[in-house]
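Heads up, the thing below is written out as structure tokens.
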Amino acid sequence: MAMRSHYCGLVTDALLGQTVTLCGWVNRRRDHGGVIFVDLRDREGYVQVVCDPDRAEMFKVAEEVRNEFCVQIKGLVRARPEGTVNDNLKSGKIEVLCHEFTVLNPSVTPPFQLDDDNLSETTRLTHRVLDLRRPYMQNNLMLRYRVAMEVRKFLDANGFVDIETPMLTKSTPEGARDYLVPSRVHDGHFFALPQSPQLFKQLLMVAGFDRYYQITKCFRDEDLRADRQPEFTQIDIETSFLSEEDIREMFEGMITTVFKNTIGVDLGDFPVMSYQDAARLYGSDKPDLRVNLEFTEVTDVMADVDFKVFAGAATMKGGRVVALRVPGGSKEGGGISRGEIDAYTEFVKIYGAKGLAYIRVNDITKGRDGLQSPIVKNLHDKALAEVLSRSGAQNGDLIFFGADKEKIVNDAIGALRIKIGHSEFGKKNGLFTAAWRPLWVVDFPMFEYDEENARYSAVHHPFTAPKEGHEDWMVTAPEKCISQGYDMVLNGWEMGGGSVRIHRAEVQKKVFDALKITPEEAQIKFGFLLDALQYGAPPHGGLAFGLDRIVTMMTGAESIRDVIAFPKTQRAQCLLTQAPSLVDEKQLRELHIRLRNTELAAKPA
């Protein structure tokens, strides 16, 4: 016989007059003049239990329970007294009059109260099991489950097959450091944990499975931040015989369906923006379209100004000068203060900028006399007129400038744009629109030049197909070559990305040549894929979505750690299990590994 008849949070007035058996944890116990109230909690929510002293044996048990005791109660569902209804709970119209009260397991005093909203993340991750009992975390993980189920339902309805790919595989260069696993059987050899199933899903297309997916773990040993983990979950998808537009249309539909069916949000239209436009207007390949600010290009008019910072950037190879107009940023009594400008100046230095020039527009009719800034005297009239005209400046506006190498300008002023838009000033002055703003970013460059190593590298990965007609540029002018890559962006986060793949061996060879990967090196690293492409590989493409990121955005959490059951810290540690940890010398000897610092080897127990 089942130990319970209903979940606590699902007991409603539909069960009035019925006897129910509930199991859960004591969230709170209150003694009100002889009557004891217990808020009983499980994964579905709370229910109020009333313990009347008329039942002496039951009441004695109720007097002894404390927070987080695991208990079972049996009782009668009745309406709450008038004036005590709680509309915030599904069970808020009823209470359960307890007849039997059983302690299934007592609890020691918890290290924190579960309703404490000011817990440090260290405390939460150290005691993660208790942290996961909190309704916030329960709701997050239940939403994650529902998202995964909606994804599976959509893909199943569209003919996709869930196929697992290996976790122990070959180390291949994919942009981040691999997590390596030493082989006990093959001395000196290592497996790598997959950074993604990229090569295997392409092999599945060659094998004829046509439509593949899996929701799988991926591993990257890279610098961590709020939206990264050493292990993360990817919704990995690949399909044959679909064009780039077909693929985007299908998976726009998938994400739209998932958002609507899980959190009731209609994402609306997905505009398509080229990478070039995204960088030109926002300095980012994942622009947050909720922020109503854009760059103004002024590189061409700054080459001959007396201000060396601007002139130097305008004339250097790969330099850029942009203006960022902030409407109302200089208005009296409500604009951006000098102290805030100083703080923004320090902020952009994080991204490599040397400083932050600005102009306050006081009275546009007075020309340079109506402008206030230390740099105005070093800019000729034509440059000033172009800045004001192109940016659409009005009285009371504030204009910031970025001038340096293009990447530094894009990163620094792009981050400044977001910071101002999300600030209290930005929200008060209409520079931020609270909404869901998705888009596709397309037409990425195939390659970017790595000055440090004097060679090109792949922007996405070396298996991305070029646009039709761009194949020859891979040999003559790699910087002009545009890929069939695409990213889905939502509110400044990259939700997923992918590309049409190269399915012809001769095109793949051209890419390797552009990347200075020799035939011998290519065979060693990717031979199994190159060999497979020779056997009638179909045209294919796909993409991967970050499940952690999607759920983080849906919940409004500040970090993906809040939607992962057992995450790592920003130092790639698990505070719950104390991983990574030392291993004893016996295990190291079996793997033929000797540590340079022998003190790091744990002694056998």
Treating the angle as unsigned and between 0 and 90°, give the value, to the nearest 10°, between the Cα long axis of helix 519-533 and the longest Cα principal axis of the chain. 60 degrees
Give the carbon-plus-sulfur fraction of the accessible surface of region 100-249 in %, rounded to a whole number; probe 1.4 Å, heavy atoms of protein chains only. 52 percent
Gyration tensor (Cα) of the chain, equivalent ellipsoid semi-axes in angstrom: 50, 37, 24
Would you mind counting up the charge near T19? Only other residues with Cβ under 13 Å from its Cβ, with Lys and Arg at +1 and Asp and Glu at -1. +2
With every protein chain left in place, what is the accessible area per residue of the chain in square angstrom, probe 1.4 Å? 50 Å²
Ellipsoid equivalent to region 424-519 - semi-axes via the Cα gyration tensor, in Å: 34, 15, 10
Answer rounded, prolate or oblate for region 271-404, using the Cα gyration tensor with square roots of eigenvalues a ≥ b ≥ c: rounded when a/c is under 1.5, else prolate when a/b is larger than b/c, else oblate. rounded
Region 449-552: chymotrypsin sites (Phe, Trp or Tyr not before Pro) in DSSP loop, at most 16 other beta carbons within 10 Å: Y535
Restrict the search to region 373-458; then list the GluC sites (Glu not before Pro) that DSSP places in a loop and that have at most 16 other Cβ atoms within 10 Å of their Cβ. E451, E452
With charges only on Cβ, +1 for K and R and -1 for D and E, what is the dipole size of region 479-605 about its Cα centre, in debye, rounded to 20? 220 debye
Counting other Cβ atoms within 10 Å of each Cβ, which GluC sites (Glu not before Pro) in region 23-93 have at most 13 and sit in a DSSP loop? E82
Quick one: dipole size for the chain, taken about the Cα centre, charges +1 on Lys/Arg Cβ and -1 on Asp/Glu Cβ, in debye to the nearest 20. 940 debye
Does anyone have the angle between helix 244-263 and the longest principal axis of the chain? Alpha-carbon axes, 0 to 90°, nearest 10? 30 degrees
Starting from the Cα gyration tensor of region 26-92, take the square roots of the eigenvalues, sort them a ≥ b ≥ c, and report rounded, prolate or oblate (rounded when a/c is under 1.5, otherwise prolate if a/b is larger than b/c, else oblate). oblate
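The values are calculated or read from the model by the stated rules, or taken from the named source; none is laboratory data. Just so you know, these numbers come straight off a predicted model, no measurement behind them. Note that each Cβ is placed from the backbone with ideal geometry, even for glycine, and that neighbours are counted across all protein chains shown. Heavy atoms of the whole protein, side chains included, go into the accessibility calculation; ligands, DNA and RNA do not. Shrake-Rupley method; radii C 1.70, N 1.55, O 1.52, S 1.80 Å.
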